[in-house]
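The next block holds one structure in the form of structure tokens; read it before the comments.
The values are calculated or read from the model by the stated rules, or taken from the named source; none is laboratory data. Everything numeric here is computed off the predicted structure, so don't read it as measured data. Neighbour counts run over all protein chains shown; Cβ positions are idealised from the backbone, glycine included. The accessibility values were calculated without ligands, DNA or RNA, using every heavy atom of the protein model including side chains. Shrake-Rupley method; radii C 1.70, N 1.55, O 1.52, S 1.80 Å.
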Amino acid sequence: MILALTVAIVVGTMLGALLYGKRQARAQTVTEWAVGGRRMGTLIFWFLNAGEIYTTFAVLGISGYAWAYGAPAYLAFCSVSLAAAIGYWLTPLIWAAGRDRGLITQADFFDARYGSRALSVVVAVAGIAALVIYVQIQLTALSVILQLSLGRPVSMMTSTIAAAAMMLAFVFFAGLRSAAFAAGVKDVLMLVIVVALSATVADKVGAASIIDLLHRAEATHPGLTSLPGLQPEAGLDTTWLITSALNVALGTYIFPHMFQLCYAAKDGWTIKRNAIFQPLYSLSFFFIILLGFGALLAQVQPPDGDLNAALLQFVADSYPAWAVGVLAGTACLLALVPGSVLLLAAGSIFSRNVLLPLRPAMSEKGALVASRAATVGFAAIAVYLTLGGSRSLVDIGLMAYSSIGMLAPGVFLAFLWRRTNAAGVTAGLVVGYAVLLLPGLDGLWAFFPNWEKGLVAMAANALTLAAVVLATAPRVARAAG
């Protein structure tokens, strides 16, 4: 039953999404495929934007973090709300730039704003790298879900390759409009499931109420509900929470696929409405964290101690098979929908900002074929990364945010400081990535105990950018945007 329900939910949603996308599309072009023809209204944009936030990172990752660490899972509350506040200011500016200049990718924005093709190529490669890391999150989760759905031992390689094939099957034939439809279905399903599970979780663990569950969890696991949580040695204290939340919030709308979502909006008010109501999604994290605490109180033992599987194992142990099947099917959508948008964005960037400069005579149809073909290669890289690691979804996500955060100074200052130039942005990228990645700088972190490394690297990036701009840029430069 679990497998049948999982397949029914996934296949039904995918077919509906494909039919909706085909009906709405006006032409098979890169613009239609990548940014939905720039015609998405408030409701469909809301689901698509939320779909890129409400993923397996948010549901399986945060519940698993609550199960393993406790209070550090509160990161979800802080980061979503902060990101929405930043998005209210930033995303309408991105949308206006895309409309006025006919932009399709994030690298297009850097090329148009800074007048440097070389910088746009660097940004394209950096963006693709961050997207592939984020695809790794979805593949890691999908492989866990597939193993649960099949109900028998399956190798990590088999489940991961199968997960990648599912994701490619959707992205290859669909586009942004199809992903938007699927995002709406999976968001509604997931909210219903999370609330339903939360309404019954106290009974499943022998508690009288949700409040009683929280009291029992704290009593049996002292320190669970306050920082630094169950594992103080992990360094997940208040400093970590604040710096990680800031890093996630500053990086959320810097991901290349978020740029493409902004370009897809029908108008600026659609964007602003979305930012106003987006924090409502953070309320669901209370229930997600509650389920993680419930799994801990129930003494759930996921396979190999995998915290990413804690929620799935708890439901499998405590609920009937049909409930497990509905959760597994919906969780598949949580990975497939954002994963497809991530691969779609990566393919668009590759064809337009890496391949097109080498083949300027490439036709629109050729660019579309190249975009779709590139997604296969990027999915293969994500499979390789998934098979080579076993970290939590939250840890992988924080790594992705740290990586893409290196582009944040160049985006923010594009609108805030007219003098910002390509030389400054390039120098900032070099220094930022050096701080983030070079092992020879390990001694630096002794001065920033428990800080999120990505935020420190972003600060070094911004300071370098400002210094180079002050030294090289004239006082009058072209207007931003």
Q. So what is Rg over Rh here for the chain, counting just Cα atoms and using Kirkwood for Rh?
A. 0.97
Q. Bin by bin, in steps of 10 Å, what percent of the Cα pairs in the range 243-297 do you find, going until the bin that has the longest distance?
A. 19, 36, 31, 13, 2
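Probe radius 1.4 Å, ligands and nucleic acids ignored: give me the carbon and sulfur share of the accessible area of the chain as a rounded percent.
Answer for the chain: carbon and sulfur cover 68 percent of the accessible area.
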Q. Want the number for Ala85 to Trp269: 0.36 nm per residue separation, take away the alpha-carbon distance, what's left?
A. 64.7 nm
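Two-decimal Rg/Rh of the range 417-481 from alpha-carbon positions, Kirkwood Rh?
Checking Rg against Rh, the ratio lands at 1.09.
Nearest 500 deg cm²/dmol is fine: what mean residue ellipticity at 222 nm does the chain get from its DSSP H runs of n ≥ 4 alone, each adding -39,500 (n - 2.57), divided by its residue count?
The helix-only estimate for the chain comes to -23500 deg cm²/dmol at 222 nm.
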Q) In nanometres, what is the gap between the two model label sites at Leu150 and Phe277, each 7 Å from Cα along Cα-to-Cβ? A) 4.1 nm
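Can you tell me how much longer the chain between Thr158 and Val7 gets when fully stretched, taken as 0.36 nm per residue apart minus their C-alpha distance, in nm with one decimal?
Values: separation 151, 0.36 × 151 = 54.36 nm, distance 1.73 nm.
52.6 nm is the gain from fully extending Thr158 to Val7.
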Q.
Can you give me the accessible area per residue for the range 368-447, using a 1.4 Å probe, in Å²?
A. 41 Å²
Q: Enter the accessible area of Tyr281 (Å², nearest 10), with the probe set to 1.4 Å and all protein chains included.
A: 20 Å²
Q) Under a plain spin-label model, where a point goes 7 Å from the Cα along Cα-to-Cβ, how far apart in nm are Ala169 and Ala434? A) 4.8 nm
Q: State the extension gain, in nm to one decimal, for the chain segment bounded by Ala118 and Met362, taking 0.36 nm per residue of separation less the distance between their alpha-carbons.
A: 85.9 nm
Q. Roughly how much of Glu452 is accessible, in Å² to the nearest 10, using a 1.4 Å probe?
A. 20 Å²
(Q) Suppose R0 equals 51 Å. What FRET efficiency, 1/(1 + (r/R0)^6) with r the Cβ-Cβ distance, do Ala467 and Phe286 give to the nearest 0.05? (A) 0.75
Q) Within the chain, which complete DSSP H helices have Cα atoms spanning at least 27 Å along the helix axis and a mean Kyte-Doolittle hydropathy of -1.0 or higher? A) 2-24, 75-101, 117-150, 176-204, 321-349, 364-387, 453-472
Q. When you take every Cα atom in the range 312-438, what is the radius of gyration, and what is Dmax, the widest Cα pair distance, in Å?
A. 19.9, 61
Q. Gap in Å between the Cα centre of the range 56-119 and the Cα centre of the range 350-425?
A. 13 Å
Q: Could you check the simple spin-label distance between Ile381 and Val195, using points 7 Å along Cα→Cβ, in nm with one decimal?
A: 4.1 nm
